[in-house]
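Visitor: Okay, handing you the structure first.
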Amino acid sequence: MAGAEDDTPSSPFGPLLAELARMRKSNLNAAINDVDSIIDLLTAAREQVARDDDSHKIGMAMTTLQNPVKARFEAITEDLKDVTKAQRSFGKALDKALPHRELPIETDAMADHPELINRAIAMHLLREGQFSVASTFLQEEQNLREQNHTSVSSHSKRSRIDEDGDDDMKRDEDEDEDMQGLHSEDLQDKFSEMYRILAQLKERNLVPAIEWARINNPKLETRGSNLEFELSKLQFVWLFKGPSVNGLPDDDNNGRMGALAYARQHFGRFQSRHIKDIQQLSCAMLYAPNLEESPYRKIFEIDSAFEDVATSFTREFCSLLGLSAESPLYMAVTAGSIALPRLIKYTTYMKEKKTEWTTENELAFETPLPPSMIYHPIFVCPVSKEQTTEHNPPMMLPCGHVICKESLQNIAAKGSRYKCPYCPTEGHLRDAIKITL
């Protein structure tokens, strides 16, 4: 319901959304068209001057050119004014809807881990294909680290031991190796390959993606992935559509016969796992004259199929590199933005009550996130307000209520019996059942 309220006129974000729509409408297309018109006028005048030797005609051509070019320049100025005005209005609306104010938090959990933030930024740039920017960022980060290292004597580095017994020098060496991995040309080459294949998928060319999936098929099958077959299945449907739809050459490798030949050549090795899908595709050939009325009509509806396989390809490509499909930096910023209003409200309330969090580097409350951001099951103990861990697992009481192990032990601190904190039921410690998430 909260998301729906954001679009209502009474919402503080209503004017912001209106200004955003206005800014998107006021783009540079008109200015670009006016620039193209000026180029066309100048090109035509140059060709006329090159053809005519008469100085009078050349002078007339240049005089005739003056007013149209001037008018186009004035139009460009007006176009840019509209764009600048829209951007300025959006900026003001943004400042009004989201006023700048410091978070009422005295500590920053990531302040002691700048290397993690730098790595997340560098990896995000690489994943987005911004290789030159990533290279510059990594180089500057490396220079800064070298300056910091030289300012510390080798003796002091050897003697730096944390209170928990961790060797800072060893940790620094591990961080250096981790950051050096981002400098690897091999990693950049792999992401270049990914973007090259995605560009082909955008152009409705499945061949490069299919070849990549075939080469990496053993690794993909180990993960239980069906990417190669899904790509091959879409290639069959794309060929079946024929040259009037797919724009491919009208020959024996296209159309219904081309799709049939493709199936005979490539589907054989998929029979053990996808025989049902192959049978449906084969039977659809019989309904080709009236496919819209056939039971297989949905198989050939591929409006979003190329976007779907592009998403699947990106996910599988990144998984083989040991990376998540989404950029960790993007996910962290998005999740933080979702949690920010509740965090501000909670910390402001705690500050007014002159109390503070009892947990270090943890949120004192659960933050609801969309399903796409939940990667593994979590349980927050309703008693301690802490997430369960391997050493502090969730325990289900005979009455059905679930609390963490430490809370259960605290309740039964004076003996082996306890009383459920949420109902009158009493029980014994041995009756509690450990839950595996």
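Visitor: Cross-link candidates for K70: which lysines have Cα within less than 25 Å, leaving aside residues fewer than 8 places away along the same chain?
Guide: Straight-line reach from K70, under 25 Å: K57, K81, K85.
Visitor: Can you give the alpha-carbon Rg of region 376-436 over 2.2 N^0.38 Å, where N counts its residues?
Guide: Details: Rg = 10.7 Å, N = 61, 2.2 N^0.38 = 10.5 Å.
Cα-based Rg divided by the globular estimate yields 1.02.
Visitor: Which value, in Å², gives the accessible area per residue of region 13-97 when a 1.4 Å probe is used on the protein heavy atoms? Spell out each step's value before the answer.
Guide: Details: 6160 Å² over 85 residues.
I get 72 Å² per residue for this part.
Visitor: Set the Förster distance to 22 Å, then compute FRET efficiency between S304 and L98 from the Cβ-Cβ distance, nearest 0.05.
Guide: So the FRET efficiency works out to roughly 0.10.
Visitor: M60 label point, 7 Å along Cα→Cβ, cut-off 20 Å on backbone N: hits in region 24-48?
Guide: Those under the cut-off are 41-48.
Visitor: Continuing with this model, one more query. What part of the accessible area of region 13-97, given as a whole %, is carbon or sulfur when the probe is 1.4 angstrom? Kindly include the intermediate steps, with their values, before the conclusion.
Guide: Details: 3480 of 6160 Å².
Summing carbon and sulfur atoms, their accessible area is 56 percent of the total for region 13-97.
Visitor: Let me ask another. Could you sort the peptides 388-397, 420-429, 205-214 by per-residue average Cβ neighbour count (10 Å cutoff), highest mean leading? Write down the numbers at each step before the final one.
Guide: On the way: 388-397: 16.2, 420-429: 13.2, 205-214: 18.6.
Ranked by mean Cβ neighbours within 10 Å, highest first: 205-214, 388-397, 420-429.
Visitor: For M350 paired with M373, estimate the spin-label separation in nm (one decimal), with each label point 7 Å from Cα along the Cα-to-Cβ line.
Guide: That separation, rounded to one decimal, is 1.9 nm.
Visitor: Tell me the per residue accessible area of region 189-308 using a 1.4 Å probe; a whole number in Å² is fine. Spell out each step's value before the answer.
Guide: Values: 7130 Å² over 120 residues.
Here the per-residue accessible area is 59 Å².
Visitor: With a 1.4 Å probe and every protein chain left in place, tell me how much accessible area K70 has, in Å² to the nearest 10.
Guide: 120 Å²
Visitor: Considering only protein heavy atoms and a 1.4 Å probe, what is the carbon-and-sulfur percentage of the accessible area of region 376-436?
Guide: Values: 2110 of 3980 Å².
Summing carbon and sulfur atoms, their accessible area is 53 percent of the total for region 376-436.
Visitor: Hey, what's the per residue convex hull volume over the C-alpha atoms of region 13-97, in cubic angstrom?
Guide: Working: hull volume 5.2 nm³, N = 85.
Cα-based convex hull of region 13-97, divided per residue, equals 61 Å³.
Visitor: What are the semi-axes of the equivalent ellipsoid of region 206-304, taken as the square roots of 5 times the eigenvalues of the Cα gyration tensor, listed largest first and rounded to whole Å?
Guide: Numbers: eigenvalues 107, 51, 28 Å².
One finds semi-axes of 23, 16, 12 Å for region 206-304.
Visitor: So the label point goes 7 Å from the Cα of Y330 along Cα→C-beta, right? Which residues of region 183-218 then have their backbone N under 19 Å from it?
Guide: Within reach of a label on Y330: 188-203.
Visitor: Under a cut-off of 30 Å between alpha-carbon atoms, report the lysines in cross-link reach of K202, not counting same-chain residues fewer than 8 places apart.
Guide: Here the lysines satisfying the reach criterion relative to K202 are K25, K190, K219, K233, K241, K276, K298.
The values are calculated or read from the model by the stated rules, or taken from the named source; none is laboratory data. Just so we're clear, the structure is a prediction, and the values are computed from it rather than from any experiment. Here Cβ is always computed from backbone atoms with ideal geometry, including for glycine, and neighbour counts include all displayed protein chains. Heads up: the accessible areas ignore ligands, DNA and RNA and are worked out on the full protein's heavy atoms, side chains in. Shrake-Rupley method; radii C 1.70, N 1.55, O 1.52, S 1.80 Å.
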